[in-house]
């Protein structure tokens, strides 16, 4: 497999492992109450940090990822800001990546690498990722994806027509398309892709009977008819057809026509077993041509009640036009406020391929929030219960027009992208009278040794919610049940979760599971206990006696001075 070299690769290849976990702080004022509001998430913050913070709950659970990262055209004014421990990369931080930047491809790949690593961890075994990109980085991205996701999991590189008229500003040729790269987590074992419903014109080639739709499929005459009978003994048998085209492997009427197992001295075989023929005569088509009779199987759709078709590798519909995406957003806000938003129709079709009705969909470059709208519209269309997770950096963009009254969070002449993301989702929910909701989060305190030793200690409640994530993979159901005085975090099933922690560095250095604490707690609760603590002074025998599982909290206060 070919590998891609770029400046900084060695420094960023495992950078995702050193990225600290952050708490996710709920903002009740910006959240919207409704169905699945705790499962639909909008996260404001750096997507690298947010992706790491999602791991405790969502690792291996996201069915479909769609991202639309910077295309690195030199006109996007993006900056590299990852805190990587490398002198070369530290010199890059904060500088805008422009057209004439000789390291622009290196910077882009250094930015993408840790994010793709985390996205792969979040993807389920049967999951799929779609990435929109153009010719500036598609060749680099494909090699990088082959390294991270493995080339065996490559599915498609779809030319995606966004401007059928062509961009007349491009040199030599008027560009009409960009690309959608498609990869899976595990293509060989678990992946099953969806198909598109066929339109009325395509439906004309299908026939409907009492069971459903069908069209003529393969001939039932077996392959390898010159092979000896011994090679396929179970597939040599006569088939009888009545004058009314009833099919059976048994002669039961005097007017049956026998299809002999011998033709010009060559023995005949069939694709189906005799048992299948007798079990599914309704799935056999009889075609007569003079004295000749041929049998074909009925090809039926695999998905749903209507026939479907496999998506083509040239991805095109008039609705995919980038102008359509702009018009859709303008219809929501009344003005053009965002450049090049993806059309809802494109994302909705990708979701039809990559999701089922109960999938979790993640977009870590959420932009204007097209993915959330596509999720909600597809749920309305097929009665699904898909949930979305959006992540968007709080970056400023210039307002296109003066829209009058502004949100106080907007500076004069600017709007924040993350506010557009949230506002769009809320407006669509209200406008379409959708009963769903969402929870809005911001990135909170980091939880790592460096932060704690520097005195940046999280509150007990923040740390407790994070520990509950680690122990159960779930959101804490009720913050009010967290009891700092008793070191009690919460309960999940038959397990109680504890956190021995104080927001005091001197206390933490001496805090541990002791025999006295274990005895006292066991008297109150003899059930299974998962206890997070800086240290434990009990041996395995006493841990078993008190039904305690000790977990070292994710830093070691005794290794650094």
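The values are calculated or read from the model by the stated rules, or taken from the named source; none is laboratory data. Quick caveat: nothing in here was measured; it's all calculated off a predicted structure. Here the Cβ is made from the backbone with ideal geometry for all residues, glycine too, and neighbour counts use every protein chain on show.
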Only listed residue being on the phi < 0 side of the Ramachandran plot and more than 26 Å from the chain's Cα centre (by Cα), chosen from 65, 43, 96: 96
If you check 504, 539, which single one turns out to be exposed (fewer than 15 other Cβ atoms within 10 Å of the Cβ), under 20 Å from residue 462 (Cβ atoms) and in the same structural domain as residue 456 (by TED's automatic domain parsing)? 504
Residue tally, condition loosely packed, with under 11 Cβ neighbours inside 10 Å, modelled with pLDDT of 85 or more and either in contact with a helix residue (DSSP H, G or I) (Cβ under 9 Å, 6 or more places away or on another chain) or part of a strand (DSSP E or B) (or both), over the range 186-213: 0
Is it the case that some residue within the range 169-185 is assigned by TED's automatic domain parsing to the domain that holds residue 360, under 15 Å from residue 63 (Cα atoms) and in a loop (DSSP other than H, G, I, E, B)? yes
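Residue under question is residue 343, and the condition is that it be in contact with a helix residue (DSSP H, G or I) (Cβ under 8 Å, 6 or more places away or on another chain) and in contact (Cβ under 8 Å) with a residue 40 or more places away in the chain; does it hold?
Details: in contact with a helix residue (DSSP H, G or I) (Cβ under 8 Å, 6 or more places away or on another chain): yes; in contact (Cβ under 8 Å) with a residue 40 or more places away in the chain: no.
So residue 343 fails the test.
Take the range 264-294 and flag every residue that is assigned to a strand (DSSP E or B), touching a helix residue (DSSP H, G or I) at 6+ places or on another chain (Cβ under 9 Å) and at pLDDT 80 or above.
Those that are assigned to a strand (DSSP E or B), touching a helix residue (DSSP H, G or I) at 6+ places or on another chain (Cβ under 9 Å) and at pLDDT 80 or above: 270, 284.
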Looking only at the range 87-106, and only at residues there that are touching a helix residue (DSSP H, G or I) at 6+ places or on another chain (Cβ under 8 Å) and surrounded by fewer than 16 Cβ atoms within 10 Å (Cβ to Cβ), the one that is farthest from residue 49 (Cα to Cα): 98
Considering only the range 376-403, how many residues are at pLDDT 80 or above, over 19 Å from residue 356 (Cα atoms) and not in a loop (DSSP other than H, G, I, E, B)? 2
Name the residue that is surrounded by the fewest Cβ atoms within 10 Å (Cβ to Cβ), counting only residues in the range 457-481 that are touching a helix residue (DSSP H, G or I) at 6+ places or on another chain (Cβ under 6 Å) and closer than 24 Å to residue 40 by Cα. 473
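Quick check on my filter: what residues within the range 471-487 are over 10 Å from residue 532 (Cα atoms) and outside any loop (DSSP other than H, G, I, E, B)? Let's see the steps before the verdict.
Going residue by residue through the range 471-487, those that are over 10 Å from residue 532 (Cα atoms) are 472-486.
Residues satisfying the conditions are 472, 479, 480, 481, 483, 484, 485, 486.
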